[in-house]
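Heads up, the thing below is written out as structure tokens.
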Amino acid sequence: MPVTRFFADSAWLGGERAVDDVLIEVDGERITTVTPGADRPADADHLRGLTLPGLANGHSHAFHRALRGRTHRGGGTFWTWREDMYGIAAVLTPDSYHALARATYAEMALAGVTCVGEFHYLHHGPDGRPYDDPNAMGEALIAAARDAGIRITLLDTCYLAGGVGQELQGPQLRFGDGDAAGWAQRAAELRDGELARIGAAIHSVRAVPADQLRTVAEWSSWRPLHFHLSEQRAENEACLAATGRTPAHLLADSGALGEKATAVHATHLTTDDTALLGRSRTTVCICPTTERDLADGIGPARALADAGTPLSLGSDSNAVIDLLEEARGMELDERLASELRGHWPVSQLLAAATAAGAASLGWPEAGRIEPGGLADLVTVGLDSVRLAGTRPETALESVVFAGTAADVRDVIVGGRRVVTDGRHTLVDDVPRMLSEAIAAVLP
Ligand SMILES: [Zn+2]
């Protein structure tokens, strides 16, 4: 690939303010130089608006996109939502999953997401029979991300039980590999690619028996390891009753916490759990739009950060795909819970949506606009009705607190344009593709 030059009218380079007139030179997929206050060369690709590092979506279940807006009838609870979700899980095939995930990842690209962590547990055919290629579903997700032009970390998820002490049943049979050794054997066949990396996940302490946790933790020693943690109080109660320990302590005792580990949600923690996560430098991925949709509660994000935990952000159930909404959601939820404003400087909210999320997905070289970094960039236009009147000195705050996915104008992944002026360059008509892929899996 030739050297490409991008010229950003303004860009966030990590500080508390955006910087004007930034020339970003790219060789292949890497940034080579970053020059603020530059003149705009005639041949440079002009990025009009505020340019950020590509956004990292730390936690996604692509197929939940088909449930958007359909789970509120009669109010709905977490458990009726889960039943609706199983309805979709029951009918997906490698082909229909590829189509749905490609459309969902294309929507993510339009929202400025350049890297997604896909928490993947829909492994096998109906009744749990493996496909001829036992990783056909995971490979379909990797292909979907490639077709949509974004990076993926496939977090291949171990899911063995229907609850503490319960067998898998019904649609859950598709999730199971028998035991953790069977899961590890299958997952070992997956390979990293140009835009894809492989990580591991423990669905939750509900879904992986205590005596199987260490096998997953050891398999993933040098890869990202993610797990849902204490999303619902019922999980804590069942875990305490069965093991005498909180989910966080059980995972710690199984070797699952640490710098490569990410706990998703971490909503209902004891103060001791919070200290444990912080001490071990386990990342916590907060998913505010899903947590509010499911009435999960508000987790102790600020206390976790104070204890030493890096924070990342995820769209999780994809009820909304908008990382700017997730970033302000973390701050605004904390305001509602504490009746105080100003818990994070805007630079830290942006870091959660970029570098911290990318690192938690095993892409430490992404998420910063600096020499040597991956050339993943997203430009937010500042001329919509939402952002018109933005001033340079508070542009970061304007974008984080009032910008939306609809303001994303240009997206570059590894030096290649994936979105130009709000249009996907690889996928012709993303709304039509979503609508067809969803119609194909609805009852
Ligand atoms: Zn999740």
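Tabulated values for the structure
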| quantity | calculated |
| --- | --- |
| Table column - 3J(HN,Hα) (Hz), the stretch 17-33, Karplus curve with 6.51, -1.76, 1.60, x for Gly and Pro | 9, 6, 10, 8, 6, 9, 8, 10, 9, 10, 10, x, 9, 10, 6, 9, 9 |
| For the chain, share of DSSP beta bridges that run antiparallel, in % to the nearest 5 | 45 percent |
| The stretch 153-291: C-alpha gyration tensor shape, a/c 1.5 cut-off, then a/b vs b/c | oblate |
| DSSP bridge orientation in the stretch 105-264 - percent antiparallel, rounded to nearest 5 | 5 percent |
| Computed lengthening from GLU259 to ALA440, 0.36 nm per intervening residue step minus Cα-Cα distance | 61.1 nm |
| Sorted peptide list for 82-88, 48-54, 164-170, 394-400, criterion being average Cβ within 10 angstrom, highest first | 48-54, 394-400, 82-88, 164-170 |
| 4 °C / 1.567 mPa s Stokes-Einstein diffusion coefficient of the chain, Kirkwood radius on C-alpha pairs, µm²/s | 59 µm²/s |
| For the stretch 273-384, convex hull of alpha carbons as volume per residue, Å³ | 131 Å³ |
| Shape of the stretch 5-57, Cα gyration tensor, a/c cut at 1.5 | oblate |
| Reduced Cα scattering model of the stretch 318-387, Debye log10 I(q)/I(0), q = 0.14, 0.18, 0.19, 0.21 Å⁻¹ | -0.56, -0.87, -0.94, -1.05 |
| About the Cα centre, charge dipole magnitude for the chain (Lys/Arg +1, Asp/Glu -1 at Cβ), debye | 280 debye |
| The stretch 346-380-the stretch 296-343 distance, computed between alpha-carbon centres (Å) | 18 Å |
| GNM result for the chain, Cα springs below 10 Å: residue of ASP306, ASP322, ASP39 fluctuating most strongly | ASP39 |
| Residue-wise HN-Hα coupling along the stretch 65-77, computed from phi with Karplus coefficients 6.51, -1.76, 1.60 (Hz; x: Gly, Pro) | 4, 5, 8, 3, x, 9, 10, 9, 4, x, x, x, 10 |
| 15 Å reach of a label modelled at ASP421, 7 Å along Cα-to-Cβ, counting backbone N of the stretch 7-49 | 45-49 |
| Residue among GLY76, MET108, LEU92 farthest towards the positive dipole end of the stretch 63-108, charges placed on Cβ | GLY76 |
| The chain, accessible surface, carbon-and-sulfur percent (1.4 angstrom probe) | 50 percent |
| Calculated FRET efficiency for the pair ASP95/ASP429, C-beta based, R₀ 25 Å, to 0.05 | 0.80 |
| The stretch 300-443: C-alpha gyration tensor shape, a/c 1.5 cut-off, then a/b vs b/c | rounded |
| Dimensions in Å of the stretch 1-93 - Rg and Dmax from alpha carbons | 21.8, 58 |
| Folded to 0 to 90 degrees: helix 94-110 orientation relative to the chain principal axis, Cα | 40 degrees |
| Potential extension, ALA295-GLU194 segment - 0.36 nm per residue separation minus Cα distance | 32.6 nm |
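The values are calculated or read from the model by the stated rules, or taken from the named source; none is laboratory data. All values reported here derive from a predicted model rather than from experimental measurement. With ideal geometry, Cβ positions are generated from the backbone for all residues, glycine too; neighbour counts draw on all protein chains shown. With ligands, DNA and RNA removed, areas are computed over all heavy atoms of the protein, side chains included. Shrake-Rupley method; radii C 1.70, N 1.55, O 1.52, S 1.80 Å.
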